[in-house]
Amino acid sequence: MSETRDTFGRPLASLRLSVTDRCNMRCRYCMPEDDYVWLPRESILTFEETARLVGVFAGLGVSKVRLTGGEPLLRHDLPKLVEMIARDARITDLAMTTNGLLLAKHAAALHRAGLQRLTVSLDTLHPERMLAFAKSERHADVLAGITAGRAAGYDRIKLNTVVIRGFNDDELADLIEFGRANGAEVRFIEYMDVGGATRWSLDQVVSQREMLELLQRRFGPIASVPGDPASPAPAERFRLPDGTTFGIIASTTAPFCRACDRSRVTADGTWFLCLYAARGIDLRERLRCGATDEALAALIAATWRARTDRGAEERLGVRERGALYPVESLRADPHREMHTRGG
Ligand code: SAM
Ligand code: SF4
Ligand code: SF4
């Protein structure tokens, strides 16, 4: 397998594939508006086109693929795409992030198709909070999805929790305990000012330091779990005195850009080198105009080699920090939305 490195020596190793920009939730930190501009249906890549692109990326060193969205389980027949990607032996880590609403229905088929790892987003244990914060009454379906995921064979599910001051910062310990009781590990994520987070403000961000202080008060001393230097991960892991582990992704106060090996392809085949990048590269047009795999690979490799992105680190230097884009700018280019780009 060839390796492709950017200007900071970061390998092209991990790909987030957004399979749809649609979602059946409206999380306040991601989709707080009343209406959205969607990607045109005819622009959405077919499974064959997506799998072909994954193959080209794999030839350049990508071994990790995460399916995301929008809500990936809204994409019809998703296990079929999973099966197509899983067939490629160069992809050694195939995962998905989902809000869990439809997971109970699909978990077994996804596992059979070759999906190896599952992350379920769970911000609160209180149904009424989910209704207020994500406009969904289906909290029980998320919990049923987690149970079904375990029954299907995912014994180490990760739970993603975006921590927001005044919303769920009083639930951190309960979420860890929920994870412990349900064979899952929680990863707390600092609220990020990504495109789409139009209600973002710094005072709502609960920092990693604050989270640890809160948890130490409840559980006692917390130890840091050393990571694997060979495969750096954005989540720093910690261990409670009873051995329970959890992670924190300090993407806002201590970003991970220096080791970032990930890029993103949207459902319409636009390739982004960074979550914060203003523009992406249109791979769909080239695919549909008959570009060969070699031509696509040459374009992707040359673009990655010139990569200088470190969006979250640059945001640290912004004074008077607020939402990344105003709503009008998101409507003019929905690719700037987190739900289009894939978290
Ligand atoms: N819909 C799926 C879900 O929610 O799991 C997948 C897509 S979602 C964009 C992927 C992840 O991004 C979720 O875990 C979500 O919590 C996270 N996310 C979205 N907006 C965020 C924000 N403003 N700050 C931090 N994380 C965010
Ligand atoms: Fe929430 Fe995920 Fe949907 Fe965004 S894409 S609104 S994070 S469920
Ligand atoms: Fe990677 Fe960009 Fe996120 Fe930094 S902000 S970790 S460079 S995707």
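Give the residue, chosen from 324, 273, that is closer than 24 Å to residue 20 by Cα, within 16 Å of ligand 3 (Cβ to nearest atom) and either in contact with a Ser or Thr (Cβ under 6 Å, 6 or more places away or on another chain) or of a type in the set (S, T, N, Q) (or both). Before the answer, list the steps.
Numbers: 324 fails: either in contact with a Ser or Thr (Cβ under 6 Å, 6 or more places away or on another chain) or of a type in the set (S, T, N, Q) (or both).
After ruling out the rest, the residue left standing is 273.
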Exercise. Do we have residue 306 as more than 30 Å from residue 185 (Cα to Cα), within 16 Å of ligand 3 (Cβ to nearest atom) and small (Gly, Ala, Ser) here?
Worked result: yes
Exercise. Condition test on residue 178, is it surrounded by 22 or more Cβ atoms within 10 Å (Cβ to Cβ) and more than 17 Å from residue 95 (Cβ to Cβ)?
Worked result: no
Exercise. Taking the range 214-249 on its own, how many of its residues are modelled with pLDDT of 95 or more and either on the phi > 0 side of the Ramachandran plot or within 11 Å of ligand 3 (Cβ to nearest atom) (or both)?
Worked result: 3
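Could you check, for the range 61-70, whether at least one of its residues is more than 18 Å from residue 14 (Cβ to Cβ), within 16 Å of ligand 2 (Cβ to nearest atom), among the hydroxyl-bearing types (Ser, Thr, Tyr) and touching a residue at least 24 places away in the same chain (Cβ under 8 Å)? Don't jump to the end; show me each part of the working.
Within the range 61-70, the first condition is being more than 18 Å from residue 14 (Cβ to Cβ), and the residues that meet it are 70.
With within 16 Å of ligand 2 (Cβ to nearest atom) added as a condition, the list becomes 70.
From what is left, the residues that are among the hydroxyl-bearing types (Ser, Thr, Tyr) are none.
No, there is no match, as no residue in the range 61-70 is more than 18 Å from residue 14 (Cβ to Cβ), within 16 Å of ligand 2 (Cβ to nearest atom), among the hydroxyl-bearing types (Ser, Thr, Tyr) and touching a residue at least 24 places away in the same chain (Cβ under 8 Å).
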Seminar exercise, completed: Exactly one of 64, 105 is within 16 Å of ligand 1 (Cβ to nearest atom), among the charged types (D, E, K, R) and more than 17 Å from residue 151 (Cα to Cα), and that one is 64
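Anything in the range 274-300 that is of a type in the set (A, V, I, L, M, F, W, C) and out of contact with any Asp or Glu (no Cβ under 8 Å at 6 or more places or on another chain)? List them, or say none. Write out each step before concluding.
Of all residues in the range 274-300, those of a type in the set (A, V, I, L, M, F, W, C) come to 274-275, 277-278, 281, 283, 287, 289, 291, 295-300.
Within the range 274-300, 275, 278, 281, 283, 289, 291, 295, 296, 297, 298, 299, 300 qualify.
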Exercise. Within the bounds of the range 163-176, is there any residue that is under 30 Å from residue 329 (Cα atoms), among the small types (Gly, Ala, Ser) and within 16 Å of ligand 1 (Cβ to nearest atom)?
Worked result: yes
Exercise. If you check 65, 56, 37, which single one turns out to be over 25 Å from residue 193 (Cα atoms) and either at pLDDT 95 or above or in a helix (DSSP H, G or I) (or both)?
Worked result: 56
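Taking the residues in the range 16-57 that are aliphatic (A, V, I, L, M) and free of Cβ contacts under 8 Å to residues at least 40 places away in the same chain as candidates, determine which candidate is farthest from ligand 3 (Cβ to nearest atom). Write out each step before concluding.
Step one: list which residues in the range 16-57 are aliphatic (A, V, I, L, M), which gives 17, 19, 25, 31, 37, 39, 44-45, 51, 53-54, 56.
Retained after the next criterion (residues that are free of Cβ contacts under 8 Å to residues at least 40 places away in the same chain): 51, 54.
Details: 51: 24, 54: 19 Å.
Going through the qualifying residues, I end up with 51.
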Problem set entry | helices (runs of 4 or more DSSP H) wholly inside the range 95-211 containing at least 1 residues that are more than 28 Å from residue 223 (Cβ to Cβ) and among the small types (Gly, Ala, Ser) | 103-113, 127-134, 139-152
Exercise. Any residue in the range 54-67 that is within 30 Å of residue 138 (Cα to Cα) and surrounded by fewer than 22 Cβ atoms within 10 Å (Cβ to Cβ)?
Worked result: yes
Problem set entry | Among the residues listed as 299, 330, the single one being surrounded by fewer than 17 Cβ atoms within 10 Å (Cβ to Cβ), of a type in the set (A, V, I, L, M) and within 25 Å of residue 50 (Cβ to Cβ) | 299
For this session: Considering every residue within the range 76-94, establish whether at least one is within 22 Å of residue 27 (Cα to Cα), without any contact (Cβ under 8 Å) to a residue 40 or more places away in the chain and surrounded by 18 or more Cβ atoms within 10 Å (Cβ to Cβ).
Result: no
Seminar exercise, completed: Reported set for the range 23-35 where residues are more than 14 Å from residue 130 (Cβ to Cβ) and either in contact with a Phe, Trp or Tyr (Cβ under 8 Å, 6 or more places away or on another chain) or more than 10 Å from ligand 2 (Cβ to nearest atom) (or both) is 33, 34, 35
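The values are calculated or read from the model by the stated rules, or taken from the named source; none is laboratory data. On a predicted model such as this, the values are computed, not experimentally measured, just so you know. Note that each Cβ is placed from the backbone with ideal geometry, even for glycine, and that neighbours are counted across all protein chains shown.
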